[in-house]
Amino acid sequence: MKTLKEFIVAHAEDLGDLFKFSAEHTCRSMLHSLEKFTDMKFLSFKELTAGVFLSFEHYLLASGCSQNTSACYFRALRAICRQAEKEKLLKDTRQLFNEVFMGYEETRKRALNIEQLRAVAEADLEDAPSLGMARDLFILSYYLRGIPFIDLAYLRKTDIRDNVLCYHRSKTGRALSVTLEPWMWEIIERYRCKNPDSPYLLRIIRRPGSIPEERRQYESALRLYNKHLYQLSIRLGLEVRLTSYVARHTWATLAYNEDIPVAKISAGLSHASEEITHTYLRSFSTEQLAVVNLQMAALINPEAEKEWRGKGGERKKGKDRESSKNELHTGVPIPGRKRND
């Protein structure tokens, strides 16, 4: 009979054979944590109980693991246990996970405000070309409706047709198309892959090869990209730590702040539902909510109304409203400055 460790290793190898590298990585990371938690050498499915998993969860959280990472590990474990149940190695998988958290906890704010985004876009990085490339790819990701780094890395030269970028999300397989504007082309041309033997558009996966070889290049590029983005956020004194996913959250949040309907934002991000999009938009700051609360109080309280007007809260109409938007600094093109009614 297979031990739990043998089953997990086999499951991870199966995921790798299917090119599901992220799931494989999660599976192996979960096994590594399990091995630190208990002696996995002879642990069988018969010894698994809800108490064992609850203790493992406590161990993960006490070790500094985030709630979401812990939940990700347990979702992987649940998939493995369900497969073991099909093979008659385990009974009643569901009860094993009754006491542990396997949902999604809202994370800290991961979006830049417009001033922070402009600081990134306009930063003088001539003395740090590696940071300059990271910044440029970050801004390109924002311009391309928050394209994730994995999709940016795997863009192909043939994905551009008649000035339209057409590609499929690696995570969901959903098709997206983005009209390429001059400011997008400027960055694409700067980092275009010149190797005629490479199918890829950008110089991220530099050496075409087997799928595992290219995946290793992508993972190495992602680590370097996030390292340089972190250094950039320190250099600019940003309150938000830059990561590859901040561009995506920023596009969604700024679009929402421009009163673009959530349905359109969801379509732009290629989300399966608006509920997924809402998880991007929940992280409003205390200051933002205080302004909203002041606006609501101003509806019935004269003192609040006076303070609201003092903060420029009086709504502008018609040409005044449009002209105030046009007065915004636009040294670097930031799409989405017009309201979609």
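Which ³J(HN,Hα) values, rounded to whole Hz and listed in residue order, are derived for region 113-129 from phi using the Karplus coefficients 6.51, -1.76 and 1.60 in 6.51 cos²θ - 1.76 cosθ + 1.60 with θ = phi - 60°, glycine and proline given as x?
Result, rounded to whole Hz: 7, 5, 5, 5, 5, 5, 4, 5, 5, 9, 4, 7, 10, 4, 7, 9, x.
Starting from the amide H of R156, placed 1.01 Å from N in the peptide plane, find each other amide H under 5 Å away whose residue is 5 or more places distant or on another chain.
Hits under the 5 Å cutoff: L201.
Counting residues in region 114-280 as N, plug N into 2.2 N^0.38 Å and put the Cα Rg over that result. Before the final figure, lay out the partial values.
Working: Rg = 15.8 Å, N = 167, 2.2 N^0.38 = 15.4 Å.
Relative to the rule-of-thumb radius for its length, region 114-280 sits at 1.03.
For region 228-243, in order, what is each residue's ³J(HN,Hα) by Karplus, 6.51 cos²θ - 1.76 cosθ + 1.60 with θ = phi - 60°, in whole Hz (x at glycine and Pro)?
Residue by residue, region 228-243 yields 5, 5, 4, 4, 5, 5, 5, 4, 8, x, 6, 7, 9, 6, 6, 9 Hz.
How many nm separate the modelled label positions at K227 and S210, each set 7 Å beyond the Cα in the direction of the Cβ?
2.6 nm
Do any GluC sites (Glu not before Pro) in region 176-242 lie in a loop, going by DSSP, with at most 11 other beta-carbon atoms within 10 Å of their beta carbon, and if so which?
Filter output for region 176-242: E239.
Let me know the shape class of region 36-85, please: from the alpha-carbon gyration tensor, a ≥ b ≥ c as square roots of the eigenvalues, rounded when a/c is under 1.5, otherwise prolate if a/b is greater than b/c, or oblate.
Because a/c hits 1.5 or more and a/b fails to exceed b/c, region 36-85 counts as oblate.
Percent relative contact order of region 114-280, based on C-alpha pairs within less than 8 angstrom and at least six residues apart?
Computed value for region 114-280: 25 percent relative contact order.
Assign unit charges at the C-beta atoms only (+1 for Lys and Arg, -1 for Asp and Glu), then state the dipole size of region 164-251 relative to its Cα centre in Debye, rounded to the nearest 20.
Here region 164-251 has a charge dipole of around 280 debye.
Starting from region 1-49, pick out the trypsin sites (Lys or Arg not before Pro) whose DSSP state is loop and whose Cβ has at most 12 other Cβ atoms within 10 Å.
K41
Cα gyration tensor of region 1-158, axes a ≥ b ≥ c as square roots of the eigenvalues: rounded (a/c below 1.5), prolate (a/b > b/c) or oblate?
prolate
What is the gain in length, in nm to one decimal, between R241 and R174 on full extension, counting 0.36 nm per residue of separation less the C-alpha to C-alpha distance?
21.2 nm
Go through region 222-227 residue by residue and turn each phi into a ³J(HN,Hα) via Karplus (6.51, -1.76, 1.60, θ = phi - 60°); whole Hz please, and just put x for glycine and proline.
These are the phi-based 3J(HN,Hα) values: 5, 4, 5, 4, 5, 4 Hz.
How big is the charge dipole of region 4-96 about its Cα centre, in debye rounded to the nearest 20, if each Lys and Arg gets +1 on its Cβ and each Asp and Glu gets -1 on its Cβ? Numbers along the way, then the final one.
Numbers: 13 positive and 12 negative charges, 48 e Å.
That gives a dipole near 220 debye.
Subtracting the Cα-Cα distance from 0.36 nm times the residue separation, let me have the gained length for Q67 to W185 in nm, one decimal.
On the way: separation 118, 0.36 × 118 = 42.48 nm, distance 4.00 nm.
So the chain would gain 38.5 nm between Q67 and W185.
Please give the FRET efficiency for E219 paired with K311, using the beta carbon to beta carbon distance and R0 = 56 Å, rounded to the nearest 0.05.
It comes out at approximately 0.75.
Based on the mean of other beta carbon atoms within 10 Å per residue, what is the order of 174-181, 57-64, 228-235, 149-156, most packed first?
Top of the packing list down: 149-156, 228-235, 57-64, 174-181.
Please report the net charge: other residues with Cβ closer than 15 Å to the Cβ of E6, K and R +1, D and E -1.
Around E6, the charge tally is -1.
Each reported figure results from applying straightforward, stated rules to the coordinates on display, with no laboratory input. Predicted model only: the values in this text are computed from it and were never measured. No Cβ is skipped: glycine too gets one built from the backbone with ideal geometry, and neighbour counts run over all protein chains shown.
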